[in-house]
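Take a look at the structure below.
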Amino acid sequence: MTAETESEARLISVLDTAVDGILVIDDRANILVYNSACERLFGFTPEEAIGQNVGMIMPSAYARSHDRYVETYKATGERKIIGIGREVHARHKDGTEFPVELSVGEARTPQGRQFIGIIRDLRPRKEQEERVRQLQADLVHMARVSAIDEMGAALAHELNQPLTAVMLYLQAGERTLRKGRDARSDEMLSQVMNKAVHEAERAGSIISRMRQFVEKREPNRRRVDLNAIVDEAVDLTLLGIRDKVSVLRRFKSDLPAAFIEPVQIQQIVVNLLRNAVEAVRERPEPVVEIETRAVDGMLQVCVSDNGPGIPPQAMPDLFRAFATSKRSGMGLGLSISRTIAQSHGGELSVDPGGNGRGAKFTLTLQAVTSEDA
């Protein structure tokens, strides 16, 4: 065996041992080298692939443009993908399209310019990412359900008020009808019925708000007015609070829009507000303040209280799942809240306070600029 044939045998062995697909094309986009991993990826045998245009393993939209890209590069030297790894789609022999990561290099040989492609199947990674995403979504949903469960008694009290009022108004209407009909009784009956309708709508609104909060659905990020969704979250939280706590809203007007999943951000606000109320429960004049503002191109939601602050020994585990000092709950609120904030490209931070100062949590989110729009 000569050195040349030995080197060639070694190269063939390396190519066929590689887990990733490796192929080589010439400057006319014809396949010159096609390893065993490519056969597993695309379903074509080497005999079927070698000598054919590389467009045979591309979706039609890519294949139509590929030859033009090669010609443009040969004429201008402008690189579109050479030397850059990127995610694209490939096509199996049976027509199935699937995601791959493609890295392209260039070689100048005595036979002319050639291009080497290394192709990695992204389906296993995508499936893993989807499983992780689904687990995270389930955990986020569980935290919302847990929050409503903790607020259950107070929410039942809130619902009982309008439902009791409806019953009393209907009883008054029935008594009015039994006394006989005249102009005065008809007017009174109309007023009673209007009040009953108002209380029924109030009860329906409470139920609707709770249902939207705990409903399990796919995240749907969109441009929203941050003040509006924070205001709704405050209203939802106050439904479940019977303590005499002053909740001050300081919303900055003319805020830029936020590109977020509204219910998830409301989940953070509800968690922070409920924690703040818990912290000031024993104070003689409990106060919780929620503020929105724009700082250095970012949006911030700050929740502060006049409680005792967070003790230093609690700080290391503050955002850890299942760590809680509350009398009830699963200890998921702050952990989930930080995860949601970071998934939106933001952060959830805390000033622990102490020495006469209450804690202050700050949710930071990206603003939608005119360029983003």
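Please treat every number below as a calculation from the coordinates, not as lab data. All of these numbers come straight from a predicted model, not from anything done at the bench. No Cβ is skipped: glycine too gets one built from the backbone with ideal geometry, and neighbour counts run over all protein chains shown.
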Leu177-Gln342 pseudo-label distance in nm [points 7 Å out on the Cα-to-Cβ vector]: 6.1 nm
Point-to-point label distance, Glu187-Val88, nm (Cα→Cβ direction, 7 Å offset): 8.1 nm
Ranked Leu177, Leu239, Leu363, criterion: other C-beta atoms within 10 Å, fewest first: Leu177, Leu239, Leu363
Table column - 3J(HN,Hα) (Hz), region 357-363, Karplus curve with 6.51, -1.76, 1.60, x for Gly and Pro: 10, x, 6, 9, 9, 10, 9
Amide hydrogen neighbours beyond the local backbone of Gly309, cut-off 5 Å, H modeled: Gly354, Ala359
Pairwise label distance in nanometres, Glu106 with Asp16, each label 7 Å out on the Cα-Cβ vector: 3.2 nm
